[in-house]
Amino acid sequence: VHDTGEWRAFDGKRWKGGEAAVKRIERAILDVGRELYDRAPGLEASLAKAAARASMRVLSDAGTKAVLSRLAAVESIGCMSDIFDSDGEALNVGNGTLNLRTGELRPHRAEDFITRLIELSYEFEAR
């Protein structure tokens, strides 16, 4: 989040910040490093050597932190904080996102940029 300097990651239901978000992003960086390392042997010899070296750098603690730092500077990756929780008609509940105007329940979506979650499940018939 550019204006706050915070990292946030979507956990399947909502966007969460803090150390858990940083760890989730670091795991994704490590996954990319492992994938690069695994694919290196199938590349042309000079590329394979360079890919293996690059993956080893990414897989180190310092390399992962360096990638994280560089990602923070890429404008197209982040967003501003005002995008989060901007839909006043959306309520995030345990089993989806409820449209308070229509009563429609739909699956959680990252593109809704919701950070709050009520852990109760919505049941239409429970009126």
Is it fair to say E104 is among the acidic types (D, E), within 18 Å of R14 (Cβ to Cβ) and modelled with pLDDT of 90 or more?
-> no
Reported set for segment 35-47 where residues are in a helix (DSSP H, G or I) and open to solvent by 60 Å² or more (accessible area, probe 1.4 Å) is E35, L36, Y37, D38, R39, P41, G42, A45, S46, L47
Considering segment 48-61, residues that are open to solvent by less than 100 Å² (accessible area, probe 1.4 Å) and either out of contact with any helix residue (DSSP H, G or I) (no Cβ under 6 Å at 6 or more places or on another chain) or in contact (Cβ under 8 Å) with a residue 40 or more places away in the chain (or both), and then whichever is farthest from R27 (Cα to Cα), we arrive at A50
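A quick yes/no check of all residues on (1) open to solvent by 50 Å² or more (accessible area, probe 1.4 Å); (2) over 21 Å from R24 (Cβ atoms); (3) touching a strand residue (DSSP E or B) at 6+ places or on another chain (Cβ under 8 Å); (4) assigned to a helix (DSSP H, G or I):
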position: T64; (1), (2), (3), (4): no, no, no, yes
position: V67; (1), (2), (3), (4): no, no, no, yes
position: G88; (1), (2), (3), (4): yes, yes, no, no
position: N92; (1), (2), (3), (4): no, no, yes, no
position: G103; (1), (2), (3), (4): no, yes, no, no
Within segment 69-86, residues being in contact (Cβ under 8 Å) with a residue 60 or more places away in the chain and either of a type in the set (A, V, I, L, M) or part of a loop (DSSP other than H, G, I, E, B) (or both) number 6
Over segment 69-86, the set of residues of a type in the set (G, A, S), under 24 Å from L36 (Cβ atoms) and either over 21 Å from the mean Cα position of the chain (by Cα) or open to solvent by less than 80 Å² (accessible area, probe 1.4 Å) (or both) is S69, A72, G78
Practice prompt. Would you check if L47 is more than 30 Å from I114 (Cβ to Cβ) and of a type in the set (A, V, I, L, M, F, W, C)?
Written response: yes
Those residues of segment 9-25 which are open to solvent by less than 60 Å² (accessible area, probe 1.4 Å) and not in a loop (DSSP other than H, G, I, E, B) amount to A9, F10, W15, G17, A21, V22, I25
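The values are calculated or read from the model by the stated rules, or taken from the named source; none is laboratory data. Note that this is a predicted model, so its numbers are computed, not measured. Virtual Cβ from ideal backbone geometry, glycine too; neighbours counted across all protein chains shown. For the accessible areas, the whole protein counts, side chains as well, though only heavy atoms, and no ligand, DNA or RNA atoms are used. Shrake-Rupley method; radii C 1.70, N 1.55, O 1.52, S 1.80 Å.
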